[in-house]
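> Have a look at the structure that comes next, please.
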Amino acid sequence: MGGGPGVSNGEGSPTDGGPQAPGSSSKPQVGTDEWHKIRKDNHKEVERRRRETINEGINELAKIVPGCEKNKGSILARAVQFITQLKENETQNIEKWTLEKLLSEQAITELGTSCDKLKAECQRAWAECEQWKKAAQKAGVTIDHDEKGEGDAE
């Protein structure tokens with residue numbers, strides 16, 4: 001590779017160290033006053049955008065969090081309190097809902113057991129009723145059914 005005037009060193013700056021041609025679109029040489037000014041201006045712009053982003057975020061927090069003042073520090077402190085309170089509420093709600101779920105599951109289990117017992121009792125009563133009907137028929141007693149399906153012995 002040659003090191004003649006205008007040859008790039010691969011980093012985007014000329015290697016000859018000479019002044020830039022007027023109207024040239026290439027970057028100024030590293031270390032020059034112009035290079036420092038451009039770098040400083042770029043840094044200022046990046047910092048300005050960073051501050052804007054932070055301020056927008058703080059303003060959004062102020063809209064969401066109740067009871068905020070205009071002071072950025074107060075907004076952030078209030079946001080921390082608000083988020084902490086929300087997390088505590090969430091924990092309490094989870095504990096409450098877990099207990100309610102447990103109690104509901106226990107009630108469902110108890111009701112299921114009670115239902116099963118009542119079904120069994122009903123089946124036993126029905127079987128006993130059928131036995132009484134058969135016994136009545138064997139004894140020559142006829143059973144008339146009324147509209148409700150209940151029988152009257154004669």
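Since every read-out is calculated from the coordinates, none of them should be taken as a lab result. Source: prediction; values computed, not measured. Positions of Cβ are generated from backbone atoms using ideal geometry, with glycine treated the same way; all protein chains shown enter the neighbour counts.
> Calculated FRET efficiency, residue 125 and residue 87, Cβ-Cβ r, R0 35 Å, to nearest 0.05?
Numbers: r = 56 Å, r/R0 = 1.61.
Computed FRET efficiency for residue 125 and residue 87 comes out at 0.05.
> Pulled fully out, how much extra length does the chain show between residue 76 and residue 26, if you take 0.36 nm times their separation in residues and subtract their Cα-Cα distance? Walk me through the numbers before you get to the answer.
On the way: separation 50, 0.36 × 50 = 18.00 nm, distance 4.44 nm.
Full extension of this stretch gives 13.6 nm more.
> Within 13 Å, Cβ to Cβ, of residue 97, how many net charges do the neighbouring residues add up to if Lys/Arg are +1 and Asp/Glu are -1? Don't skip to the end; give the middle numbers.
Working: positive: 96, 101; negative: 90, 95, 100, 105.
Here the charged neighbours net out to -2.
> Hey, another quick one. Enumerate by residue number the trypsin sites (Lys or Arg not before Pro) in the range 64-154 meeting two conditions: DSSP loop (anything except H, G, I, E, B), and at most 10 other Cβ atoms within 10 Å of the site's Cβ. Could you put the intermediate results ahead of the total?
Working: sites: 70, 72, 78, 87, 96, 101, 117, 119, 124, 133, 134, 138, 148; in loops: 70, 148.
Passing sites in the range 64-154 are 70, 148.
> On to the next question. Order these peptides, 38-48, 52-62, by their mean beta-carbon neighbour count within 10 angstrom, highest first. List each step's numbers first, then the result.
On the way: 38-48: 10.5, 52-62: 13.1.
Going from most to least packed, we get 52-62, 38-48.
> Label points 7 Å out from Cα along the Cβ direction at residue 143 and residue 40: separation in nm?
Result for the modelled spin labels: 11.0 nm.
> Let me ask something else. Which value, in Å to one decimal place, does the Kirkwood hydrodynamic radius take for the range 43-154 when every pair of different Cα atoms is included?
It works out to 21.7 Å.
> Count the net charge of all other residues whose Cβ sits under 14 Å from the Cβ of residue 68, scoring Lys and Arg as +1 and Asp and Glu as -1. Don't jump to the answer; show the numbers that get you there.
Values: positive: 63, 70, 72, 78; negative: 60, 69.
Net charge in that neighbourhood comes out at +2.
> List the pairs from 96/119; 44/72; 63/87; 37/63 whose alpha-carbon separation is above 30 Å, in the order I gave them.
On the way: 96/119 34 Å; 44/72 22 Å; 63/87 19 Å; 37/63 39 Å.
Where the Cα-Cα span goes over 30 Å, the pairs concerned are 96/119; 37/63.
> Tell me the net charge near residue 49. Cut-off is 14 Å between Cβ atoms, residue 49 excluded, with +1 for each Lys or Arg and -1 for each Asp or Glu.
Details: positive: 44, 48, 50, 51; negative: 41, 45, 47, 52, 56.
For residues surrounding residue 49, the net value is -1.
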